[in-house]
Every structure is written in C-alpha cells, then in structure tokens.
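Q: Dumping the structure here so I can ask a few things about it.
The values are calculated or read from the model by the stated rules, or taken from the named source; none is laboratory data. All values reported here derive from a predicted model rather than from experimental measurement. Here the Cβ positions follow ideal geometry from the backbone for every residue, glycine too, while neighbour counts run over all protein chains shown.
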Amino acid sequence: MIVTKLCQAARARQARLFPVVAALLPALLILPSLAGTPGAMAQEQKAEDAREEVAILPFELIDSSLEGDMMGENPDETKRLERLAPMLREDFETLPHFDAIDVSPVAEDVKQVNLQACGNCGITFGEKLGADIVVLGTVQKVSNLILNINAYVFDVESGEQIARGSADIRSNTDESWKRGLNYLWENVLQRQLEDRG
C-alpha cells in the first residue's frame, strides 16, 4: 500500500513537470545552434578579417584611332567605360576573400588625372580609400574593330603588381565590351587572384 502511494505521488510529480519540460525542450535544442561553438566563431571571424578590400577605379580610354582624332569623344564609349568598373566590382565580390569598396570619395580627384601616366597615383588613391588592393583599367582603341580591355591589380601596401590581363575585342558595341571584360575576369584575373587570401 505504501509503495502504491509512493508511485502515485511520483506520477503526480511527473505529470506536473512534464508540461514545463515539454515547453522548454525546443528552446534547449535550439540554444546550442544559436550560440555556435567557440572554434566555429573564431574561424568565421578569421575569415572575415582575412577579406581584402579592393578599390576598382574607373577605366580610362586610350583612343589612338583616326575616328577619335576626327570626331572627338564618343558618348556611347563613355557610357561603356562607366559600366566596366562596377561590373568588375561584382566579379571581385564572387571570390570569398575580397570586398569591393566604394570609390566615390576619390571620384573627382580620379577624373583630374591620367591614371596610366601619373606614376603611383592609383596606389595613392587606394591608400586614401583604405584599400588593400587597387585595380586600374584601360580600354585601348585602335579602331572600331580593334580594341582591348586591360586591367592592372596592385597591392597597395607594397606597390607591387599582383595580377594583370588583357582581352582583345573585335567590335565596338556594348555586348563586345561586356564579353571582353567577362573573358578578362574569368580566364585571366580570377585565376591569378584565386589563391590570394
């Protein structure tokens, strides 16, 4: 009889505690996944710290064509030039160890110089922006049928060129410029930069 009463008391206690435990169980199961393990959090922080900031400055046109001498600036080419740096920024963002940064704080200064002929001013702009890497680019136009897109990637701290590439294009259209830059990224620059970081 005493054993029966003890069993009934234990069952009553279990019945009162079960709703509390049942209510807390989902929270207890989720808590470890929210907190993360210290090792995983340290790896995430290390990966975030390892990301390099990349400043991709506006591309410049080097026009040695007869058309350029006779007709002056071509508004379509100007628009194409303006699209190249943002497209390359998107490409850099596809690699896990790069963050493309905003270059607008130096945009007006960049317009005042010829980046290809000013010595290390591209690297100086990278320093002003706090970038680890700076990218300079040109489109060289010989004629409407012979153009090439060039990019030069520099380590800002050392001033060393760490990657470079060129892509020939055979027509002066929006699509050919886009394809040329895609080729330059996928087949040249990306391969040179994948192991960095």
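Q: From the set of residues in the range 58-88 that are of a type in the set (D, E) and modelled with pLDDT under 85, which is surrounded by the most Cβ atoms within 10 Å (Cβ to Cβ)?
A: E67
Q: Working carefully through the options L129, L145, L189, L95, find the one that is under 29 Å from L66 (Cα atoms) and in the same structural domain as M70 (by TED's automatic domain parsing).
A: Step by step, each of L129, L145, L189, L95 is checked, and only L145 is under 29 Å from L66 (Cα atoms) and in the same structural domain as M70 (by TED's automatic domain parsing).
Q: Right, something else. Are any of the residues in the range 102-116 in contact with a Pro (Cβ under 9 Å, 6 or more places away or on another chain), not in a loop (DSSP other than H, G, I, E, B) and not β-branched (V, I, T)?
A: Yes, the conditions are met somewhere in the range 102-116.
Q: Looking only at the range 141-167, filter to residues that are part of a loop (DSSP other than H, G, I, E, B) and of a type in the set (S, T, Y); which one of those is surrounded by the most Cβ atoms within 10 Å (Cβ to Cβ)?
A: By that ranking, first place goes to S143.
Q: Report whether or not L184 is buried (at least 20 other Cβ atoms within 10 Å of the Cβ) and out of contact with any helix residue (DSSP H, G or I) (no Cβ under 7 Å at 6 or more places or on another chain).
A: Answer is yes for this residue.
Q: Looking at the range 101-119, can you tell me whether even one residue there is buried (at least 16 other Cβ atoms within 10 Å of the Cβ), over 15 Å from A85 (Cβ atoms), touching a Leu at 6+ places or on another chain (Cβ under 9 Å) and in the same structural domain as K79 (by TED's automatic domain parsing)?
A: no
Q: With the structure loaded, tell me whether I133 is without any contact (Cβ under 8 Å) to a residue 60 or more places away in the chain, of a type outside the set (D, E, K, R) and touching a Gly at 6+ places or on another chain (Cβ under 8 Å) or whether it fails that test.
A: no
Q: Oh, and also: From the list T138, T124, T78, which residue is of a type in the set (S, T, N, Q), within 24 Å of I169 (Cα to Cα) and assigned to a helix (DSSP H, G or I)?
A: Result: T78 is the single residue among T138, T124, T78 that is of a type in the set (S, T, N, Q), within 24 Å of I169 (Cα to Cα) and assigned to a helix (DSSP H, G or I).
Q: A follow-up question, please. Of everything in the range 40-57 that's among the charged types (D, E, K, R) and modelled with pLDDT of 60 or more, which residue is surrounded by the most Cβ atoms within 10 Å (Cβ to Cβ)?
A: Per the criteria, the residue is E52.
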